[in-house]
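The values are calculated or read from the model by the stated rules, or taken from the named source; none is laboratory data. Since this is a predicted model, take the numbers as computed values, not measurements. Cβ placement follows ideal geometry from the backbone for every residue including glycine, while neighbour counts extend to all protein chains displayed. For accessibility, only protein heavy atoms count, side chains too; no ligands or nucleic acids. Shrake-Rupley method; radii C 1.70, N 1.55, O 1.52, S 1.80 Å.
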Amino acid sequence: MIVDRSRLEFGSAVKEALAQGLPVVALESTIITHGMPHPDNLETARRAEQVVRDAGATPATIAVIDGRIKVGVQGHELERLATEAGTARKCSLHDLALVAVARQCGGTTVAATLHIAHAAGIRVFATGGIGGVHRGAERSMDVSADLPALARTPLAVVCAGPKAILDLGLTLEWLETHGVPVLGYGTNTLPAFWSRDSGFGVDAEADSPRAVARVLEAQRALGLSAAVLVCNPVPEALALPAKAVEAHIAAALATAEREGVTGKDVTPFLLAEVTRATGGESLATNRALMEANARLAAEIACELAPAPKAEA
Ligand code: PSU
Ligand code: MN
């Protein structure tokens, strides 16, 4: 992949950190524009950035602002994304060039963020939950662009599991086919975003940031181009019981079907329906897991980065 780097605009802290070989964590922005209501979206985005800094890494929130691809939003850009969420475009890979040409604002999905982060030389990325194979995909063919992006982009991607609205079994099959190792962080079962256990297994358990870093290094040394998917169960205190969540998801899917929701609107619609059905409880869970994932991603980045260059 050759990317014309003049198309990327680096935030000053990110530029500095990358130049010095210091740890950097990429953060996505669809969670800001389409994943949460205001002001939770802004608070969560700010908190994720702060948690990364507190753990000793530099956050790079990736987004498109007036058509410019930002690697590390700064100044008022985060506020703009959070408050202009209604007009900002959900920006997956098929939107990226279009948003750039139309000089629009966009929140980048896992797929688009992975592409840009890799081009920028970033090796670790944190998100809430990845997209995957939707339930009923054998008819709709709705498979998130996040999956093929994971298959070809060699970053460590920290999430709380694929979003529970998906078909988790098919999502795991897809990841296996395309060579993406799935690690459970401190667990041998796959977490399911709002809940800690989906009942499905993972490929291996990792119990420290160092252990994850070792897998990423081995993946690279062996010439494997896929990401390493690190699934970090949501903190216990804010986890929702899987059974209750499942009932809300079933109702949300039925509503989506009835209202004819399709394409890129499906994921934001289902997330909003679950938030409504839980009276905001799932939003608190989403915030907590995003924060935990940002922290773990920073810890992994610190294990990977070479020590800063000594002064000459
Ligand atoms: N996780 C959240 N909220 C979100 C998303 C993830 O808590 O909005 C976004 C991510 O950016 C993910 C995208 O990449 O949803 C997947 O959308 P789709 O299924 O349309 O590819
Ligand atoms: Mn889709």
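Tallying residues that are surrounded by fewer than 23 Cβ atoms within 10 Å (Cβ to Cβ) and either among the hydrophobic types (A, V, I, L, M, F, W, C) or within 7 Å of ligand 1 (Cβ to nearest atom) (or both) within segment 135-145 yields 4. If only residues of segment 97-113 that are out of contact with any Asp or Glu (no Cβ under 7 Å at 6 or more places or on another chain), of a type in the set (A, V, I, L, M) and open to solvent by less than 20 Å² (accessible area, probe 1.4 Å) are counted, the one that is farthest from ligand 2 (Cβ to nearest atom) is Val99.
Scanning segment 181-202 for residues being touching a helix residue (DSSP H, G or I) at 6+ places or on another chain (Cβ under 8 Å), on the phi < 0 side of the Ramachandran plot and either open to solvent by 60 Å² or more (accessible area, probe 1.4 Å) or outside any strand (DSSP E or B) (or both) gives a total of 7.
Leu22 passes every criterion in (1) among the hydrophobic types (A, V, I, L, M, F, W, C); (2) under 16 Å from Val110 (Cα atoms); (3) part of a loop (DSSP other than H, G, I, E, B) apart from (2).
Entry remark, segment 55-85: residues being touching a residue at least 40 places away in the same chain (Cβ under 8 Å) and part of a helix (DSSP H, G or I) number 4 in total. Beta carbons closer than 9 Å, at least 6 apart along the sequence or on distinct chains, never pair a first residue in segment 262-277 that is without any contact (Cβ under 8 Å) to a residue 40 or more places away in the chain and near ligand 1 (Cβ under 6 Å from one of its atoms) with a second that is basic (Lys, Arg) and open to solvent by 20 Å² or more (accessible area, probe 1.4 Å). Taken together, the criteria place Leu224 among residues that are open to solvent by 50 Å² or more (accessible area, probe 1.4 Å), modelled with pLDDT of 95 or more and either within 21 Å of the chain's Cα centre (by Cα) or not hydroxyl-bearing (Ser, Thr, Tyr) (or both). Residues of segment 146-163 that are within 11 Å of ligand 1 (Cβ to nearest atom), open to solvent by 10 Å² or more (accessible area, probe 1.4 Å) and more than 26 Å from Arg46 (Cα to Cα): Pro148 alone. Can we say Ala256 is within 16 Å of ligand 1 (Cβ to nearest atom), hydrophobic (A, V, I, L, M, F, W, C) and open to solvent by 40 Å² or more (accessible area, probe 1.4 Å)? It is false that Ala256 is within 16 Å of ligand 1 (Cβ to nearest atom), hydrophobic (A, V, I, L, M, F, W, C) and open to solvent by 40 Å² or more (accessible area, probe 1.4 Å).
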